[in-house]
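Participant: This is the structure I want to talk about, given as structure tokens.
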Amino acid sequence: MPNKTITIALAGNPNSGKTTIFNNLTGARQHVGNYPGVTVERKEGRVIYGGYDIKVIDLPGTYSLTAYSPDELVARNVLIEEKPDVVVNIVDASNLERNLYLTTQLKELEVPLVLVLNMMDIAEKSGMKIDINLLSQLLGAPIVTVIGTKNQGTVDILKAVLDTYEGRIKLTSRTVRYHHEVEDELTVLQNTLADQVVKMKVAAGTAGSYMVQPSYPLRWVAVKLLENDREIINKVNSWPGSDKIMAAVKKSRDRIREILQDDPELVVVDGRYGFIRGACQEAVTFSGTNQITTTEIIDKVLLNRVLALPIFLGIMWLLFQLTFTLGAPPMEWIEAGFAALGEWVSSHMPEGLLQSLIVDGIIGGVGGVVVFLPNIMLLFLGIAFLEATGYMARAAFVMDKIMHRVGLHGKSFVPMLTGFGCNIPAIMATRTLENPRDRLVTMLVTPFMSCGARLPVYSLLIAAFFAPEVAGNVLFSIYLIGILMAMLMAKVFKTWLVPGESEPFVMELPIYRMPTLKNLLIHMWERAWLYLKKAGTIILAASILIWGLFTFPTVDENGQPYANAIQQMEESYAGQIGKAIEPVLAPLGFDWQTGIALVAGFAAKEVVVSTLGTLYSIGDEEALAEGEATAAKDFAQRAREQSGFTPFTAYILMLFTLLYSPCVAAIAVIKRETNGWKWPLFTMAYTTALAWIVCFLVYQGGRLVGLA
């Protein structure tokens, strides 16, 4: 067993293949969480190599360490505060100049660095020839070439990491040298900072009043101060004697602006890119071929002015068709398994409350949600494939013109697309938007994107009330309505709630790649496992609570048992709640039973399914006695008999599920992202009110034309 542990951090631009390499290194030995205090996803894994137990941290993808966004700030803080033993910088070899900008900032942080040039096959096909040894000397870091999608070079990365950690690689340290006027001012600021640090150490040693010894390289701090980095300025302002430092910073910035006739931030950026261009001119050559790439050929079709939008809608329609069609057989197997389990438990336990709790509350509730796992896995697999190939970025590009009409831009559509998987990471993904107004509006409308938690509700109602040949079309229509409603509300919010112009931006379109099956399966399993964990925790607890609300009281106010199960259900605590809210929902075609399911859905949308299953199985004494699972057709029959359900009612219930308040977890994320309760409470209120208004109009309109 390895007795030595080291930590490495993977840093790189979005679309550089960083996550693919992370998966290659760690395989299934990884877990996902959040960084403390923020809703930025933290992925960690482990790999055993060369006698070391290596912890691998996958930092958020970022173009720089300038701390304009939470992702950049988190990546920077991990490097500074957690001090990984080695930083592995993943670079897209076919886009060297853009990717090496992050490399220059990592060099300024003076971290032990290994440079990984990924996608070497694509770079070579484009005619690039890179002198690896020369580039390594120019950058002052060891370089490893890999092809992540083919898992080539993974062991070389680990070898370079250990060589760097153990000091076997000897390279001259290189960092950016700026214009001599900038270097002069950096020297002044470093001396000022060093003097203040000495005073802080003395004060801490004598009086113990300050423990603020900075862990940052002083040259890096000086560069950040010239760049007007908000985070570093705030930290420096917390030091004793910060007035002297900030006065020196102002003097240096004014001098640079006066002499070079440019903002210091831009001068620093130009210096980094000048360093990168010089290195690339020395070490990179091109064959001079000017062939049309495969990506360009594909984009001529997929980004065609006329065909782009129909193709996008067609791809999404196909995804939903496959999700429903391919998911049907395994759903039946899982349903049969839970039914058999319920029957086995019923036959081995005496009748009573405990049997009802286990069979109807736990097996029926959790099983009613787990049965839709195949749909969830297929949807996540499809989304992961579209993201990995590079098409999701094109989808945002296609939607850019439409998004501009509602006051946003195509970049806002990326979090919304993520919402098809789960609204929580979609809301977190709005951090990539620099404009606070755009970010808030995108956050407010993203819940209209049908997340995976709503899919079980749609699947149950579609399977119960619609013919198989139209199932995919019905599902597609619900997802499309969600997109259109998000667009409409974005226009409303950008016009009246937070008016203002959208900021222009350059949308990155990565090259097309064929993802590996391993990476697709890892992405699919990550989300499926989160779904299963929710089924075993939140949904299990909610199912037991709902069972209790429907089971008690077991006797009437005179202490006598109820005449039948239906009367008992109506007089239960859940029935009393349902009866109280029924007048509000009656204009939508819903009765008190449906109301209970919708209230339960505030905890998690999947709970709507388990609640409906509990409702329409407890109401059938024979099914209760036999422990029978609630299949789709059985559910349809009972829903028609007890609540007057029709396909039209079922569609309105899907519509209400789509539009009304997101789950508690999503509301909590909005609260954390906006630092207060104002916007999460507003989201709950306006989405639920909008759901009621839309469903009222649809139902009453349907009644006028005879659909109800």
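The values are calculated or read from the model by the stated rules, or taken from the named source; none is laboratory data. Only a predicted model underlies this, so the values are computations on that prediction, with no experimental measurement involved. We place every Cβ from the backbone using ideal geometry, glycine too, and count neighbours over all the protein chains shown.
Participant: Residues to consider are M399, M392; find the one that is over 24 Å from T537 (Cβ atoms) and surrounded by 21 or more Cβ atoms within 10 Å (Cβ to Cβ).
Facilitator: Exactly one residue qualifies, and that residue is M399.
Participant: Which number in (1) modelled with pLDDT of 80 or more; (2) in a helix (DSSP H, G or I); (3) more than 25 Å from the chain's Cα centre (by Cα); (4) closer than 27 Å to V371 by Cα marks the one condition that Y616 misses?
Facilitator: (1)
Participant: Now for a separate question. Report whether or not M654 is part of a helix (DSSP H, G or I), in the same structural domain as A339 (by TED's automatic domain parsing), modelled with pLDDT of 90 or more and under 24 Å from M428 (Cβ atoms).
Facilitator: Working: part of a helix (DSSP H, G or I): yes; in the same structural domain as A339 (by TED's automatic domain parsing): yes; modelled with pLDDT of 90 or more: yes; under 24 Å from M428 (Cβ atoms): no.
No, not satisfied.
Participant: Another question about this same structure. Looking at P436, P374, which is the one that is more than 20 Å from C451 (Cβ to Cβ) and modelled with pLDDT of 80 or more?
Facilitator: Answer to the check: P436.
Participant: So, in the range 205-247, exactly how many residues are modelled with pLDDT under 80, closer than 19 Å to T187 by Cβ and over 32 Å from the mean Cα position of the chain (by Cα)?
Facilitator: Residues that pass the stated criteria total 1.
Participant: Now, a different point. Only one residue in L303, L318 is surrounded by 14 or more Cβ atoms within 10 Å (Cβ to Cβ) and either of a type outside the set (V, I, T) or under 25 Å from G367 (Cα atoms) (or both), so which one is that?
Facilitator: On the way: L318 fails: surrounded by 14 or more Cβ atoms within 10 Å (Cβ to Cβ).
Among L303, L318, only L303 is surrounded by 14 or more Cβ atoms within 10 Å (Cβ to Cβ) and either of a type outside the set (V, I, T) or under 25 Å from G367 (Cα atoms) (or both).
Participant: Another one. I'm trying to understand the selection: among the residues of the range 470-486, which are crowded, with 16+ Cβ neighbours inside 10 Å and without any contact (Cβ under 8 Å) to a residue 12 or more places away in the chain?
Facilitator: S477
Participant: On to the next question. Just wondering, is there one or more residues in the range 572-584 that are modelled with pLDDT under 75 and exposed (fewer than 13 other Cβ atoms within 10 Å of the Cβ)?
Facilitator: no
Participant: Considering only residues that are at pLDDT 90 or above and in contact with a Gly (Cβ under 8 Å, 6 or more places away or on another chain), which ones fall in the range 155-189?
Facilitator: Selection gives L158, K159, L162.
Participant: Mind listing whichever residues of the range 557-591 are farther than 19 Å from D360 by Cβ and part of a helix (DSSP H, G or I)?
Facilitator: Once the filter is applied, which keeps residues that are farther than 19 Å from D360 by Cβ and part of a helix (DSSP H, G or I), the range 557-591 yields Q576, K579, A580, I581, E582, P583, V584, L585, A586, P587, L588.
Participant: Would you mind stating whether A604 is out of contact with any Ser or Thr (no Cβ under 8 Å at 6 or more places or on another chain), among the hydrophobic types (A, V, I, L, M, F, W, C), in the same structural domain as Y562 (by TED's automatic domain parsing) and modelled with pLDDT of 85 or more?
Facilitator: Values: out of contact with any Ser or Thr (no Cβ under 8 Å at 6 or more places or on another chain): yes; among the hydrophobic types (A, V, I, L, M, F, W, C): yes; in the same structural domain as Y562 (by TED's automatic domain parsing): yes; modelled with pLDDT of 85 or more: no.
So A604 fails the test.
Participant: For the range 329-349, name all the residues that are free of Cβ contacts under 8 Å to residues at least 40 places away in the same chain, of a type outside the set (D, E) and surrounded by 14 or more Cβ atoms within 10 Å (Cβ to Cβ).
Facilitator: Scanning the range 329-349 gives G337, L341, M349.
Participant: Same structure again: How do the pairs read when you match residues in the range 249-262 that are closer than 13 Å to L225 by Cα with residues anywhere that are of a type in the set (S, T, N, Q) and assigned to a loop (DSSP other than H, G, I, E, B), using Cβ under 8 Å and keeping only pairs 6 or more apart or on different chains?
Facilitator: The qualifying pairs are R253/N228.
Participant: For the range 247-262, which residues satisfy the criterion of being under 14 Å from A222 (Cα atoms), buried (at least 16 other Cβ atoms within 10 Å of the Cβ) and not polar (S, T, N, Q)?
Facilitator: First, pick out the residues of the range 247-262 that are under 14 Å from A222 (Cα atoms): 247-253, 256.
Among the residues that remain, those that are also buried (at least 16 other Cβ atoms within 10 Å of the Cβ) are: 248-249, 252-253, 256.
Matches in the range 247-262: A248, V249, R253, I256.
Participant: Which of the helices (runs of 4 or more DSSP H) found entirely inside the range 260-357 contain at least 1 residues meeting this: in the same structural domain as M524 (by TED's automatic domain parsing) and aromatic (F, W, Y)?
Facilitator: 308-348
Condition check ((1) hydrophobic (A, V, I, L, M, F, W, C); (2) at pLDDT below 85; (3) touching a His at 6+ places or on another chain (Cβ under 8 Å)) across all residues:
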residue	(1), (2), (3)
F448	yes, no, no
A453	yes, yes, no
A464	yes, no, no
S477	no, no, no
G482	no, no, no
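Participant: Restricting attention to the range 156-195, report how many residues are farther than 19 Å from M246 by Cβ and in contact (Cβ under 8 Å) with a residue 24 or more places away in the chain.
Facilitator: 19
Participant: Taking L25, is it at pLDDT 90 or above, touching a Lys or Arg at 6+ places or on another chain (Cβ under 7 Å) and among the hydrophobic types (A, V, I, L, M, F, W, C)?
Facilitator: no
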